[in-house]
Ligand code: RIB
């Protein structure tokens, strides 16, 4: 069987994570339990989980010419992620400062750094050149004009485009027009649509005639197809220790699923299982199931 070929046009960060039972209020100092340094960035997380699934993954992005950038480049190489279209910048690599509480909930501040310097022309060149490309994935930690140009190039050659609008920012009509699938979480949905995803009517009124998936954390996810069908899929009950990167796991697996010919529903089912497993472990990429574990979930 031919490989599922995916390009992720996106961010790569180093995650600096503090775990504390309770998170500090403004002006308060408190002692936490653990500090970790790990691989993150929504784009890189999605690329890495798609690679764990067995996809041929091409990352299109920009790393700092620093130790963080070096270690991400090394990690991509180790995982077999194609980095022909990964450039390096004098601007420091992107970092994310993350706090995780006792319930596994996080708060994140990102400093995009080199991620904001991806050149539009290079992204287009990448999308035009990758052989057998089926799916192009992007998020909102890079400049929107780059995503728009990459998606326009992707649509010209008949690829499927998936936008994870995270973190939220207003999206241009042009970008929405070349986005086949949009995958917000509850918070992003509310910001994009002005209403929380609390009823089928609200969900159906989000993007009539287009495909959307709204991820609902421990409640699973809901699929709304361009035909107007709505399907809710539940998630297994787990004990979360860190939800960082779970949404990215879902998006990366879903992209792999579509690129490998699965139905959207089957791709979502696998995405929910993988994301649910990831929240039982600490970190973003460090929490992702291995290829062998994913095979047991398929
Ligand atoms: O979605 C989780 C990710 O958001 C983290 O890995 C962090 O890097 C931020 O980009």
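Multiply the residue gap between residue 103 and residue 21 by 0.36 nm, knock off their C-alpha separation, and tell me the result in nm, one decimal place.
28.7 nm
Between region 32-103 and region 143-180, how far is it from one alpha carbon centroid to the other, in angstrom?
Rounded to whole Å, the Cα centres lie 21 Å apart.
Please give the contour-minus-distance gain from residue 152 to residue 77: 0.36 nm per residue of separation, less the Cα-Cα distance, rounded to one decimal in nm.
Numbers: separation 75, 0.36 × 75 = 27.00 nm, distance 2.82 nm.
Length gained, residue 152 through residue 77: 24.2 nm.
Report for the chain the percent antiparallel among DSSP-assigned beta bridges with both residues inside it, nearest 5. Please report the intermediate quantities before stating the final value.
Details: 21 of 51 bridges.
About 40 percent, rounded to the nearest 5.
Taking a quarter of the surface of the convex hull around the Cα atoms of the chain, what do you get in nm²?
That works out to 15.0 nm².
Pick from 252, 40, 261: which is most flexible by mean-square fluctuation in a GNM of the chain where alpha carbon atoms under 10 Å apart are linked?
Top of the fluctuation ranking is 261.
Using alpha-carbon pairs under 8 Å, 6+ residues apart, how would you state the relative contact order of region 215-261 in percent?
Relative contact order for region 215-261 comes out at 25 percent.
What residue among 179, 231, 147 has the largest mean-square fluctuation in a Gaussian network model of the chain, using Cα springs under 10 Å?
231
Compute the distance in nm between two label points, each set 7 Å from the Cα along the Cα-to-Cβ direction, one at residue 227 and one at residue 90.
5.5 nm
If I model a spin label at residue 177 and residue 292 as a point 7 Å from the Cα along the Cα→Cβ vector, what separation in nanometres do I get?
Between residue 177 and residue 292, the simple spin-label model gives 5.0 nm.
I'd like the FRET efficiency for residue 266 and residue 187, computed as 1/(1 + (r/R0)^6) with the beta carbon distance as r and R0 of 25 Å, rounded to 0.05.
On the way: r = 27 Å, r/R0 = 1.06.
With R0 = 25 Å, the Cβ-Cβ based efficiency is 0.40.
With the radius of gyration and the Kirkwood radius both derived from the Cα set of region 183-240, what is their ratio Rg to Rh?
0.98
DSSP beta bridges in region 54-162, what fraction antiparallel, as a percent rounded to 5?
Close to 45 percent.
So what is the calculated 222 nm ellipticity per residue for the chain, using -39500 (n - 2.57) for each DSSP H run with n of 4 or more, over all residues, to the nearest 500 deg cm²/dmol?
Numbers: 10 runs with 102 residues, N = 298.
Here the helix-only value at 222 nm equals -10000 deg cm²/dmol.
Hey, what's the Kirkwood Rh for region 222-298 if you take every pair of different alpha carbons, in angstrom?
Kirkwood radius, region 222-298: 12.8 Å.
Please report Rg over Rh for region 137-191, where both radii come from the alpha carbon positions and Rh follows the Kirkwood definition.
Here the Rg-to-Rh quotient is 0.95.
So for region 1-47, what percent of the C-alpha to C-alpha distances run longer than 15 Å?
Value for region 1-47 (Cα pairs over 15 Å): 63 percent.
Which value, to two decimals, describes the C-alpha radius of gyration of region 164-297 once divided by 2.2 N^0.38 Å? Kindly include the intermediate steps, with their values, before the conclusion.
On the way: Rg = 14.5 Å, N = 134, 2.2 N^0.38 = 14.1 Å.
After normalising by residue count via 2.2 N^0.38 Å, the value is 1.02.
Just to be sure I understand: with springs between alpha-carbon atoms less than 10 Å apart, which residue in 78, 65, 269 has the highest mean-square fluctuation in the Gaussian network model of the chain?
The residue with the greatest mean-square fluctuation here is 78.
Would you kindly state how much longer the chain becomes between residue 204 and residue 219 on full extension, computed as 0.36 nm times their sequence separation minus their alpha carbon distance, in nm to one decimal? Mind showing how you got there, number by number?
Details: separation 15, 0.36 × 15 = 5.40 nm, distance 1.81 nm.
Stretched out fully, the residue 204 to residue 219 stretch lengthens by 3.6 nm.
Report the label-to-label distance for residue 238 and residue 131 in nanometres (one decimal), using points 7 Å from each Cα along the Cα→Cβ vector.
Reported label-point gap for residue 238 and residue 131 is 3.6 nm.
Restricting to region 171-298, what percent of DSSP beta bridges are antiparallel, rounded to 5?
If we restrict to bridges inside region 171-298, about 75 percent are antiparallel.
Translational diffusion coefficient, Stokes-Einstein: compute it for region 1-96 using the Kirkwood radius over C-alpha pairs as Rh, at 4 °C and 1.567 mPa s, and state it as an integer in µm² s⁻¹.
89 µm²/s
Every number here is computed from the coordinates shown, using simple stated rules; none is lab data. Note that this is a predicted model, so its numbers are computed, not measured. Because the Cβ atoms are built from the backbone with ideal geometry, glycine has one as well, and the counts that use them run over all protein chains shown.
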